[in-house]
Amino acid sequence: MDTELELTPTNLKEILICADSCQDGVLSGRLLFPGKKPEAFPCLSRCLLRIEALLNEDGHLQSYTEPRTFRNVRLPDCMPTPDTGLPNGALATFHLQILYRRNTSWQGKVVWIEKEQVQSFRSVLELMILIDSGIRG
């Protein structure tokens, strides 16, 4: 497939994911989105996050709700903190609290330990977006 080829689907909701390799369970390839040049992706999560961003930019398929971001709130006393001696991530540490498993997804809360911020999430995709926003700052 020519990497300079642009996708011109008849339906603006059509997105093409070209899976080019899978090493150690990590899928990589190319993403073709209507009106955009093909983009390589190093893993499926980056691909899904890019699709979400492109959908937000495109405006043809509106999101039902606004994406959530971390916000400052008082943390519950039982949440771990950076001084609890628990392992910390090199980039960031997130405490995940899954409250429900509905609609083939997860719903719950995630705490960004280093920033002492908490946010609810309604799906695994929303959780991925929150974690990504925390890592990217």
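Lys109 contributes about 80 Å² of solvent-accessible surface, heavy atoms of the protein only, 1.4 Å probe. Amide H contacts for Cys18 (H built 1.01 Å from N in the peptide plane; partners 5 or more residues away or on another chain; cut-off under 5 Å): Arg30, Leu31, Leu32. Of the residues Cys22, Cys43, ranked by 1.4 Å probe accessible area with the largest first, the sequence reads Cys22, Cys43. Placing a pseudo-label 7 Å from each Cα along the Cα-to-Cβ vector at Asn72 and Gln23 gives an inter-label distance of 4.3 nm. Taking all protein chains together and a 1.4 Å probe, the residues Thr69, Thr93, Thr104 rank Thr104, Thr69, Thr93 from largest to smallest accessible area. Subtracting the Cα-Cα distance of Leu16 and Ala92 from their residue separation scaled by 0.36 nm leaves 24.2 nm.
The values are calculated or read from the model by the stated rules, or taken from the named source; none is laboratory data. Since the model is a prediction, treat every value here as computed from it, not as a measurement. Don't worry about glycine lacking a Cβ; one is built from the backbone with ideal geometry, like all the others, and counts go over all protein chains shown. Keep in mind that these areas ignore ligands, DNA and RNA; they rest on the heavy atoms of the full protein, side chains included. Shrake-Rupley method; radii C 1.70, N 1.55, O 1.52, S 1.80 Å.
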